Amino acid sequence: MKRLFLTLSSALMLTTLLHGQAVDSLALKRQIEAENQQVLMQYAAHPAVVAEKRVARSDFFLWYSHLADRGWGSDRNWYPQETQVLYLARQTPAGDYDIVRSEPVDTTRWSTPEPVCDEAVSPGNEIFPMLSPDGRRLYFASDGLFGMGGYDLYVATWDPQRQVWGHVQNMGFPFNSAADDLLFCDTPDGRYSLMASNRSCAKDSMVIYVLRQETPVYAPLKSGEAQRLAALSVTQPDGGYAFAKRSFGPVPKIDFEEPVEVFDYEFTTSGPGAFAENNNLPAGLVYQIQLFVSGSKPSVRQLKGISPVYVHPQRSGKKLCAAGLFRTYTEAELALPAVRRLFPTAFVIAFDNGKPLSLSKARKQESSVKVITEEVRIVK
């Protein structure tokens, strides 16, 4: 049976929809994390811990000594030398951090940063992206995806056929705990994997664990072994990994291509509401849904979340506002109920080459020709 993991934001939305009342977000967060812990702890890996080191949280990542000196920028991103793909934790306009991917466009510019995949985006923070030496796995930490509490560790796998990052997986127990678990990465020599956690220390510290590098095998968690596994105690001492603190390097100046804003002409009744960027109707037969007629310039607030909305000036000087672009009457009729919940008097209207056409003539014209439904392309 497929199990459902909830994030705080989705649970808050669901609770509000079902009960229409405010909830204690902290209590709900703890409940969600407790339920996720029960699910994630049904199976466990048994990593071989070979060494550990307690360091200050503020710059714990500098103690990953297999990473080159001065490779960490002061923005807490790792900048590998001569990379063909750049992975960064980048702050969004909302203030949280997402993992983005960028490639060189030429010798001076990089492509517009884009999220690595939809599954790696949450209302929280995604940080410390680290690519495996073979380029097949991308590790990162998140406090917004489903998890056991605090930051959890996740891994995405590269799909070589589709050339995309595939399903994002929580790395499970005991890599994750109710505390903060951060910065999982592999050493280039194939001997070790490292991760950091504050599960056994104060929140201003982190313990870096050195694990023997191997593909985790998850088995049902046996009674009484959860506490032992969660401790990540050194069970197989190995002095092969030498800790040495690195220094910060400068944050490199990276010129990213600016994203091209493309207006979304997909019909919706649940967005912020928007007037069509290009108010000209496309050629041919088009149906729309009339919302209202205004004696003055209409505002976005009047749209009640509907987009795109076209404004048709009338001979009287008034403004007729109509929503959507539909190539068939059936498409417009199917969209009408959702619009009428916001505008009870809304109805379907028709245009032919931008000129008003009665519905009877429009439907007769539609039935007399073979209609090929396709995406409406707007030509500026």
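Do we find a residue being β-branched (V, I, T), outside the structural domain of W72 (by TED's automatic domain parsing) and out of contact with any Pro (no Cβ under 8 Å at 6 or more places or on another chain) anywhere in the stretch 321-338?
Taking the stretch 321-338 first, the residues β-branched (V, I, T) are 328, 330.
Now drop any that are not outside the structural domain of W72 (by TED's automatic domain parsing), which leaves 328, 330.
With the extra rule that they be out of contact with any Pro (no Cβ under 8 Å at 6 or more places or on another chain), the set shrinks to 328, 330.
Yes, the stretch 321-338 contains at least one residue that is β-branched (V, I, T), outside the structural domain of W72 (by TED's automatic domain parsing) and out of contact with any Pro (no Cβ under 8 Å at 6 or more places or on another chain).
For the condition out of contact with any helix residue (DSSP H, G or I) (no Cβ under 6 Å at 6 or more places or on another chain) and at pLDDT 95 or above, what is the one hit in A94, A51, A34, A45?
Details: A94 fails: at pLDDT 95 or above; A34 fails: at pLDDT 95 or above; A45 fails: at pLDDT 95 or above.
Every option except A51 fails the conditions.
Scan the stretch 208-237 residue by residue and report those that are farther than 18 Å from D152 by Cα, in a strand (DSSP E or B) and either among the polar types (S, T, N, Q) or at pLDDT 95 or above (or both).
R212
Is it the case, given these coordinates, that P123 is of a type outside the set (A, V, I, L, M, F, W, C) and either within 23 Å of N36 (Cβ to Cβ) or in a strand (DSSP E or B) (or both)? Step through it out loud before you land on a result.
Details: of a type outside the set (A, V, I, L, M, F, W, C): yes; either within 23 Å of N36 (Cβ to Cβ) or in a strand (DSSP E or B) (or both): yes.
Taking the combined requirement at face value, the residue satisfies it.
Go through the residues of the stretch 95-106 one by one and say whether even a single one is in contact with a Phe, Trp or Tyr (Cβ under 8 Å, 6 or more places away or on another chain), surrounded by 13 or more Cβ atoms within 10 Å (Cβ to Cβ) and of a type in the set (V, I, T).
Among the residues of the stretch 95-106, at least one is in contact with a Phe, Trp or Tyr (Cβ under 8 Å, 6 or more places away or on another chain), surrounded by 13 or more Cβ atoms within 10 Å (Cβ to Cβ) and of a type in the set (V, I, T), which makes the answer yes.
For the stretch 146-159, which positions are surrounded by fewer than 23 Cβ atoms within 10 Å (Cβ to Cβ), part of a loop (DSSP other than H, G, I, E, B) and either β-branched (V, I, T) or at pLDDT 90 or above (or both)?
Listed by number, the list holds a single entry, G150.
Listed here are the residues, each with its yes/no results for (1) in the same structural domain as D118 (by TED's automatic domain parsing); (2) part of a loop (DSSP other than H, G, I, E, B); (3) surrounded by fewer than 19 Cβ atoms within 10 Å (Cβ to Cβ); (4) at negative phi.
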| position | (1), (2), (3), (4) |
| --- | --- |
| G166 | yes, no, yes, yes |
| A178 | yes, yes, yes, yes |
| C185 | yes, no, no, yes |
| C201 | yes, yes, yes, yes |
| M206 | yes, no, no, yes |
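The values are calculated or read from the model by the stated rules, or taken from the named source; none is laboratory data. What you see is a predicted model; the values in this text were computed from it and never measured. No Cβ is skipped: glycine too gets one built from the backbone with ideal geometry, and neighbour counts run over all protein chains shown.
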